[in-house]
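The values are calculated or read from the model by the stated rules, or taken from the named source; none is laboratory data. Predicted model, so just to flag it, every value in this text is computed and none were measured. Here the Cβ positions follow ideal geometry from the backbone for every residue, glycine too, while neighbour counts run over all protein chains shown.
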Amino acid sequence: MTCDRCHSQISKDQSYEWYGKRLCEDCYIDVLQPPKPCDPAAVASAKATRAQLGLRGAEGLTPLQKQIYELIKEKGKITRDELARHFDLPQWELEKQFAVLRHCELVRGFKEGQTTYLTLMTNQDAKC
Ligand SMILES: [Zn+2]
């Protein structure tokens with residue numbers, strides 16, 4: 001089969017349904033348009049929602065987000081690759097989860113040499 005958007009050849013298990021269209025992974029990620037990792041408005045609204053619900057820390061996250069949060073907490077720092085392997089998730093799926101955690105100001109990325117790690121955000125960390 002072919003991707004309805006970019007018309008590249010894809011196999012069935014590489015295809016994604018999106019409003020009745022068949023898309024390759026790249027196009028699917030594109031159309032989903034995950035929230036920008038550093039979007040102050042999204043951070044504010046995520047925080048407001050959580051504050052309204054009286055949520056703190058890992059409360060109010062999905063089970064998967066909690067597991068990601070707990071794993072990072074346990075390890076101190078972790079790369080995206082390690083996370084993807086641990087949860088057996090594609091990178092783009094992980095990015096979506098990470099974006100939520102970041103919007104809730106629970107997790108941040110930092111660079112050490114050439115490697116980007118994820119770590120828990122502390123109150124001392126600068127915003128974005
Ligand atoms: Zn495509």
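Taking the criterion of being modelled with pLDDT of 75 or more and either among the aromatic types (Phe, Trp, Tyr) or touching a Cys at 6+ places or on another chain (Cβ under 8 Å) (or both), the residues of the range 47-69 that qualify are Leu61, Tyr69. Applying a threshold of 7 Å to beta carbon distances and a minimum spacing of six or more residues, or different chains, the list of pairs starting in the range 103-124 at a residue that is over 23 Å from Ser45 (Cα atoms) and ending at one that is of a type in the set (Ser, Thr, Tyr) reads Phe110/Tyr117; Phe110/Thr119; Thr115/Thr79; Thr116/Thr79; Tyr117/Thr79.
Restricting Arg108, Arg56 to residues that are touching an Asp or Glu at 6+ places or on another chain (Cβ under 8 Å) and either away from the ligand (no atom under 16 Å from the Cβ) or in a strand (DSSP E or B) (or both) narrows the list to Arg108. Of the residues making up the range 111-128, none is at pLDDT 85 or above, aromatic (Phe, Trp, Tyr) and surrounded by fewer than 17 Cβ atoms within 10 Å (Cβ to Cβ).
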